[in-house]
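Quick notes on the structure that follows.
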Amino acid sequence: MKKKILLKNSSGLFAILFGRSTRKRVVRKRVVQKKKPIVTPEDREAARVLVHARLEHFNQYYNFSYNKVTIRNQKTRWGSCSNKGNLNFSVRILALPRDAQDYLIVHELCHLKEFNHSSRFWDLVAEQVPDYKRIRHMLRYTAPIQ
């Protein structure tokens, strides 16, 4: 049985196969790294409209103040909150189900009050998204680059 491992170096990804009989590794071929999907201005605008509308909806309950809201073409994060009160979201939030979109927005909004993942933070999130654990689990296995 052969085992395939992908390794990354400065020139890209390489597939290495470990054979059962030889126990030697052989570099087979260079694997082309996938580029980020092209994000159109229409995608960014649709995400901006969605995020602002849902932020306004949930902030009627929380009443937190925030500065800028930015939509980015992020590779590894669904969203983030800076210590200056800026909220950032991936444009790929559009591809998620509505409950996951709401969870992400509430999650980042709650960081404005609790800038950590303490039990107080999760209690804040649960006030508006009671099934956050299920959604969080789903998002861990759904990469933003897809």
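None of the figures in this text is laboratory data; all of them are computed from the coordinates on show. Keep in mind that this is a model prediction, so the values were computed, not measured. We place every Cβ from the backbone using ideal geometry, glycine too, and count neighbours over all the protein chains shown.
State which residue is surrounded by the most Cβ atoms within 10 Å (Cβ to Cβ) when the search covers only the range 60-109 and only residues that are assigned to a loop (DSSP other than H, G, I, E, B) and hydrophobic (A, V, I, L, M, F, W, C).
Here the answer is 78.
Could you grab the pairs with beta carbons closer than 9 Å, sequence gap of 6+ or different chains, first residue in the range 80-91 and under 10 Å from residue 66 (Cα atoms), second one of a type in the set (Gly, Ala, Ser)?
Filtered contacts from the range 80-91: 85/65; 86/80; 87/79; 87/80.
If you go through the range 115-125, how many residues are surrounded by 11 or more Cβ atoms within 10 Å (Cβ to Cβ), over 18 Å from the mean Cα position of the chain (by Cα) and farther than 15 Å from residue 104 by Cβ?
The total comes to 2.
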